[in-house]
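The values are calculated or read from the model by the stated rules, or taken from the named source; none is laboratory data. Because the structure is a prediction, the values reported are computed rather than measured. Quick reminder, even Gly has a Cβ in these numbers, built from the backbone with ideal geometry, and neighbours come from all protein chains shown. These accessible areas exclude ligands, DNA and RNA; they are computed on the full protein's heavy atoms, side chains included. Shrake-Rupley method; radii C 1.70, N 1.55, O 1.52, S 1.80 Å.
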Amino acid sequence: MHDSGEFPIDRAQVLYNASGNERERGEDAKGRRMAKVEIARTVLRYLLAVFFVGGGINHFRIPAWYVNLMPPYMPLHEELVWLSGVTEVIAGVMVAVPAWSRWGGWFVIAHLIAFMPVHIHMAVNPERYTDMGPPGAMYFRIVLQGVFVVWAWWAAAARTGAASEAPPGPA
């Protein structure tokens with residue numbers, strides 16, 4: 001508490017502005033907030049890219065683990081594991097490249113939705129997946145998929161600006 005009994009002033013309110021214009025000071029503070037949001041968005045976009053590229057590579061390193069997750073009603077287990085590995089790597093790379101990140105974000109979201117049946121199958125058949133934790137963990141995976149969808153949307157798919165609005169391809 002200040003000795004004068006006054007309330008402390010927000011730091012953004014006292015920043016020096018050469019013009020002394022209060023509106024410009026507010027816009028400066030807004031610009032700084034937006035810059036921080038963009039930094040967070042960029043960090044989360046690259047982290048999402050690392051998760052997807054790493055996960056995709058794991059489909060080739062330990063394919064048997066992924067084959068064991070496949071529901072019996074899905075055909076071509078090994079082929080689908082390889083295909084999903086390829087698509088995860090492609091989606092991750094797209095998210096990491098600024099000119100492609102918006103499209104990559106939507107690709108990640110489509111990927112997460114496409115594989116939701118696998119997670120639902122795991123949740124309703126927990127006896128097949130006892131090595132993956134308690135039955136509740138299988139439902140948590142479904143919730144986690146939703147978190148990843150929101151993450152992909154916020155970090156990549158919802159991006160605006162010249163780089164993300166331009167259609168992919170040569171300039």
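Order I113, I90, most accessible first, counting only protein heavy atoms with a 1.4 angstrom probe. Can you show the working numbers first?
Numbers: I113 105, I90 80 Å².
Ranked from most to least accessible, the order is I113, I90.
What do you reckon, how do R128, R33 stack up by accessible area (1.4 Å probe), largest on top?
On the way: R128 115, R33 140 Å².
Putting R128, R33 in descending order of accessible area: R33, R128.
At a threshold of 8 angstrom on Cα-Cα distance, excluding pairs fewer than six apart, so keeping six or more, what relative contact order does the stretch 30-151 reach in percent? Let's see the in-between values first.
Working: 109 pairs, mean separation 28.2, N = 122.
It comes to 23 percent, rounded to a whole number.
Go ahead and run the numbers for FRET between Y139 and D28, Cβ-Cβ distance against an R0 of 45 Å, rounding to 0.05. Don't skip to the answer; put the middle values down first.
Values: r = 46 Å, r/R0 = 1.03.
The pair Y139/D28 has a calculated efficiency of 0.45.
What accessible surface, in Å², does a 1.4 Å probe find on Y46, ignoring ligands, DNA and RNA and rounding to the nearest 10?
Roll a 1.4 Å probe over it and Y46 shows about 100 Å².
If packing is taken as the average number of other Cβ atoms within 10 Å across a peptide's residues, how do 64-72, 35-43, 118-126 rank, most packed first? Present the calculation step by step, with values, prior to reporting the outcome.
Details: 64-72: 13.8, 35-43: 11.9, 118-126: 16.6.
Top to bottom by mean Cβ count within 10 Å: 118-126, 64-72, 35-43.
Can you list the residues of the stretch 128-146 with backbone N under 12 Å from a point 7 Å past the Cα of R61, pointing along Cα to Cβ?
none
If you average the sequence gap of Cα pairs under 8 Å that are 6 or more apart and divide by the length of the stretch 93-161, what percent do you get for the contact order?
43 percent
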